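Notes to accompany the following structure.
The values are calculated or read from the model by the stated rules, or taken from the named source; none is laboratory data. All figures in this text were calculated on a predicted structure; none of them were measured in a lab. Heads up, the Cβs are rebuilt from the backbone with ideal geometry, glycines too, and the neighbour counts pull from every protein chain shown. Note: areas computed on protein heavy atoms with side chains; ligands, DNA, RNA excluded. Shrake-Rupley method; radii C 1.70, N 1.55, O 1.52, S 1.80 Å.
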Amino acid sequence: MSVRILSVCTGNICRSPLAEQLLRAKLDPSRFEVMSAGTDALVGHPMPDPSIEIASRLGLEHPEQHRGQLLTKELVEESDLVITMAREHRSRVVRLFPRANRYTYTLVQLARIAAAISDDELEESVSGRRAIERAALRTLSELRGSAPIPESQEELDILDPYRREMEVYEQSSAAIVEAVDTVVGFFDRALRFGPGA
């Protein structure tokens, strides 16, 4: 059974769909299922033109087909990993479904935890396990305290570019790409230690 990842922002038209599309493009679809939603979603709305332009430039397929959807308790409850674009979204997720506290992170927080886990720690946690990706999720949860403490909590948030200049869209998307690459790299590392690797 694949790991279900939910990406969350406010309107579900800028940040979370870009993270969703990047994760879907970079992770093995037989192991991971990725979707996105918004805490105050612009339901049925497409991504704005700057977001579509950036997603297309990144080689993502059909970003113009995305439509915003509202975050629900059911979406959170059915997910194995919830990745939010800012702390406010994480709070909203946990209010909807308190048990999600243990598997919900901001994207930047998740990337920092993933980067702080050494190959030795990861190998010890996942080697010999059949469901490597789920063992990797448990490792993230167990070692979430290993990430460096940010100087400011605002460092854990991805800037919201909606209705702002193109420069802000570029800045926001660059932060998303960097963090997603770190998270994907973590799962790739974990899978190297799996059976038959």
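Observations
- Under the condition of being assigned to a loop (DSSP other than H, G, I, E, B), farther than 30 Å from Asp160 by Cα and touching a Ser or Thr at 6+ places or on another chain (Cβ under 9 Å), the residues counted in region 119-145 number 0.
- The set of residues in region 138-181 that are of a type in the set (Val, Ile, Thr), under 14 Å from Arg112 (Cβ atoms) and without any contact (Cβ under 8 Å) to a residue 60 or more places away in the chain contains only Ile149.
- Residue ID - nearest to Tyr103 (Cα to Cα), chosen from residues in region 1-14 that are open to solvent by 10 Å² or more (accessible area, probe 1.4 Å) and among the small types (Gly, Ala, Ser): Ser2
- Apart from one condition, Pro17 fits all of (1) out of contact with any Asp or Glu (no Cβ under 9 Å at 6 or more places or on another chain); (2) open to solvent by 10 Å² or more (accessible area, probe 1.4 Å); the exception is (2).
- In region 73-88, the residues that are farther than 20 Å from Ser173 by Cβ form Cβ pairs under 6 Å with partners that are small (Gly, Ala, Ser), at six or more places apart or across chains, as follows: Leu75/Ala37; Val76/Ala100; Val82/Ala100.
- Only one of the listed residues (Asp49, Asp40) is under 17 Å from Pro161 (Cα atoms) and free of Cβ contacts under 8 Å to residues at least 24 places away in the same chain. That residue is Asp49.
- Reported count of residues in region 100-118, each being part of a helix (DSSP H, G or I) and touching a residue at least 12 places away in the same chain (Cβ under 8 Å), is 13.
- Test for Ala100: is it under 16 Å from Ser141 (Cβ atoms) and open to solvent by less than 50 Å² (accessible area, probe 1.4 Å): yes
- Qualifying residue in region 60-72 (condition: of a type in the set (D, E, K, R) and touching a Pro at 6+ places or on another chain (Cβ under 8 Å)): yes
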